[in-house]
1. Would you please list the contacts, defined by Cβ atoms under 8 Å and residues six or more apart or on different chains, that run from a residue in the stretch 437-450 that is closer than 19 Å to ASP272 by Cα to a residue that is surrounded by 13 or more Cβ atoms within 10 Å (Cβ to Cβ) and among the basic types (Lys, Arg)?
2. Within the stretch 651-686, work out how many residues are within 20 Å of GLU625 (Cβ to Cβ) and crowded, with 20+ Cβ neighbours inside 10 Å.
3. Among the listed residues ALA98, ALA126, identify the single one that is at pLDDT below 85, in a loop (DSSP other than H, G, I, E, B) and open to solvent by less than 70 Å² (accessible area, probe 1.4 Å).
4. From the list LYS613, LYS578, LYS648, which residue is assigned to a strand (DSSP E or B) and open to solvent by 70 Å² or more (accessible area, probe 1.4 Å)?
5. What do you reckon, is GLN168 surrounded by fewer than 13 Cβ atoms within 10 Å (Cβ to Cβ) and modelled with pLDDT under 70?
6. Only residues in the stretch 508-523 that are more than 17 Å from PRO540 (Cα to Cα) and loosely packed, with under 12 Cβ neighbours inside 10 Å count as the first member; pair them with residues that are modelled with pLDDT of 85 or more and among the hydroxyl-bearing types (Ser, Thr, Tyr), Cβ under 8 angstrom, at least 6 apart or cross-chain, and list the lot.
7. Can you find a residue that is among the polar types (S, T, N, Q), crowded, with 22+ Cβ neighbours inside 10 Å, outside the structural domain of ALA348 (by TED's automatic domain parsing) and modelled with pLDDT of 85 or more anywhere in the stretch 565-573?
Amino acid sequence: MVEVEVGSELKCYHCGQTCEEPLWLNDKPFCCYGCKTVFEILDSNDLCEYYTLDRNPGNTVGATNKEAFAYLDEKNIRKKVIDFDSPTFASVKFYVPAIHCISCIWLLENLHKLNPAILKSQVNFARKLVDVEFDPGQVQLSTVAATLSEVGYTPQINLDADQGAKPQVNKQLILKLAIAGFCFGNVMLFSFPEYLGLDHSDHNLMRIFSWLNFSLSIPVFFYSGFGYVRSAWRSFKDKQINIDVPIAAGLIALFLRSSYDIITATGPGYLDSFTGLVFFLLIGRWFQGKTYESLAFDRDFTSYFPLAINRFVKNEWKPVVIYDLNRGDQIRVRNMEIIPADSTLLDAFAYIDYSFVTGEAKPVKVLQGELVYAGGRLIGTPVNLVVEKKTSQSHLTSLWNNDAFKKISESKYQKIIDSAARRFTWVVLAIAVVTFIYWKVYDPSQMWLVLTAVLMVACPCALALAAPFTFGSMLRVFGRNNLYLKNADIIEKLASVDTVVFDKTGTVTHGRTPEIKFEGHLTPLQLGHIKLLTSYSTHPLSVLIAKSIKVTSTETAEDFKEFSGKGIQGIIHGQRYKIGSASFTGSITQANPLGTHVFVSIDNEVYGYFNIKSSVRPNFKTMLERLSDKNTSLLSGDNDSDRGSMQKLFNTASSLLFNQSPHDKLRYIEQLQREGKKVLMIGDGLNDAGALKQSDVGIAITDDTGVFTPACDGILLGEKLHMLDQYLELARASSVILKTGFAISFFYNAIALSFAVTGYLTPLVAAILMPISSISVVGFSSVAVNFIAKRKLKNIKNLS
């Protein structure tokens, strides 16, 4: 039974609004049928825990008209709204401005309990976005939107703009700040007689000023500053303690003590300090938010995502970086390349692997004219497509950061931060209690101000902000220099690397100036067929062979297949071509010991082999010399014909392993890790995807292709490989900067607390210092990262 105090307004159990004509259900009052219906929905689905996470967490709900969202099921509109669509899996993002607390997040991430056809829902609280995955075979898009609306979270759907792209203005914070500022100014005005020590003979006038100050302080406490009290109360309910607890304690202490002094006429209280304290706390919160926005490391269309795709320009195919694609561009995607943008298929059919999006590896057959979604990977024969939507790097990055591709690890610095944050508030409260007892004995007139200053000035926020801003700023530096990392946590792992393992083909070597010669005999027609077949593949050796052959073919290949670490095959004009290793093609020919060899068989008859002498990437040897403090290794799936040239590059202690299958490469990484090594694997993501995933940090090299494994941690433009040692130095430098940020935070709190406990710090100054400490650490991190990056990369043009 809901207890109602005499004379108090009856509040809605769901949204907290006043119930003028309450509707009752299970002894609980509701202000309208909408709120009552939401409660019934949650209660019937055993979701009433929603109400235990916050008091009156819901939003006022009007009657939901399911037909209001029926337009979403129209084909053209659905195509604009949906992120991914298939017969059994679809995903969509909704902008929901009503999201405001932990209860909202909890409910919205449990939508599957309301409708089993909703597979998963995830909330981006900062952007107020809900990412919903559902089965379109069981539920319509309109029903998904209506489900959100029924529980009080009506989505705002904009068909012409990027939903939630622009940060929303926090109008409530601005209003709280305005009220606190108005009241603070007037309280100071009414307190001037006290400040100036004027004659207290007119006692009635002084009492009027005191009561006016008290009246002005009530909205400051119960509206502007009550968020701190509410947050502290929630933490106690959750049997935890957060940073708002000492702030709330200080506000309550000042307000109650001042109220007592004014009501009993024993003094004027400290309401000028109280209202000023709330005002400056809110200014600090607003300024922190603006600082965070200005320094945010959101990578949507701002960082370099070094994947390329072939675009048809002036009657020829040219590779372009994916963010240069525009709607209407015609692109060609080859086997194993990622579809960079939502596109319409021009060819008769294609097989697309959507495991990058859905987690299911089974290829899906797409027919001509159908939409192919960004993030799919082509399996088989190359296809032509027309871009329907401009590439969204935010979408590709979110797919890349899917839980399915995460490596199990724990951040060392995050453990430090979590441990310090848990203990920090208890330490501050203990210091405050001791300080209060001392000043009660030494000078009772100052004890409340000193107590409040102690509770206000200490803040672990700087400690919590140091890591994300340091690593986030470094993430942007890497992006500007053509190394695109999955997320900022990878930088911490890079800093601890002590072993670097390189793949050979396509990584150490490249095809800028190769020597290619065919040992055997092929007709011009057969050479054209081989060019056609190798052009279907993105493997570095296939690319080299295709470029070296000048004869073209107008035929098409059927039954094209690519076997990792072995070769490719396909049927052209009724003949089966195999191109790859000797064992794959069935060759027993003794090849030239110098160079890399790619054999050719037609209808199981070996015709010879391509002898390829690839060149080493520029400045690779000098980079290895600068990596002398690391253990280095080379893994190659080719024979050891290049051992001599590789030995000239690597030092004598390096391991050079040839004839390595993809599984061999994986086992080698595992062996290094069992020996306690922190391994960085550099490869092209084709025959070494497993090794990239197993390594502590896996970086895929790209050269004008759209191929990379989602299990890698970073993508590096091939021509920047010579800067690898500088990237590692920057990662180590970021760790030093982070430790310095921790030290600044520690010394700030130590010095500020020492001033506060000795009475040399007023609550107002403490309220100003608290946000400044966080902003100073954030500013230091950003400036230090950019300064060190410029210093270490000043010779970048000379090295390129």
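The values are calculated or read from the model by the stated rules, or taken from the named source; none is laboratory data. These numbers were taken from a predicted model, which means no experiment stands behind them. Note that we place each Cβ from the backbone using ideal geometry, even for glycine, and neighbour counts take in every protein chain shown. Remember, those area values only see protein heavy atoms, side chains included, never the ligands or the DNA or RNA. Shrake-Rupley method; radii C 1.70, N 1.55, O 1.52, S 1.80 Å.
1. MET447/LYS440; TRP448/ARG257
2. Of the residues in the stretch 651-686, 2 are within 20 Å of GLU625 (Cβ to Cβ) and crowded, with 20+ Cβ neighbours inside 10 Å.
3. Going through ALA98, ALA126 in turn, just one is at pLDDT below 85, in a loop (DSSP other than H, G, I, E, B) and open to solvent by less than 70 Å² (accessible area, probe 1.4 Å): ALA98.
4. LYS613
5. Yes; evaluated as a whole, the condition is true for this residue.
6. HIS521/TYR607
7. no
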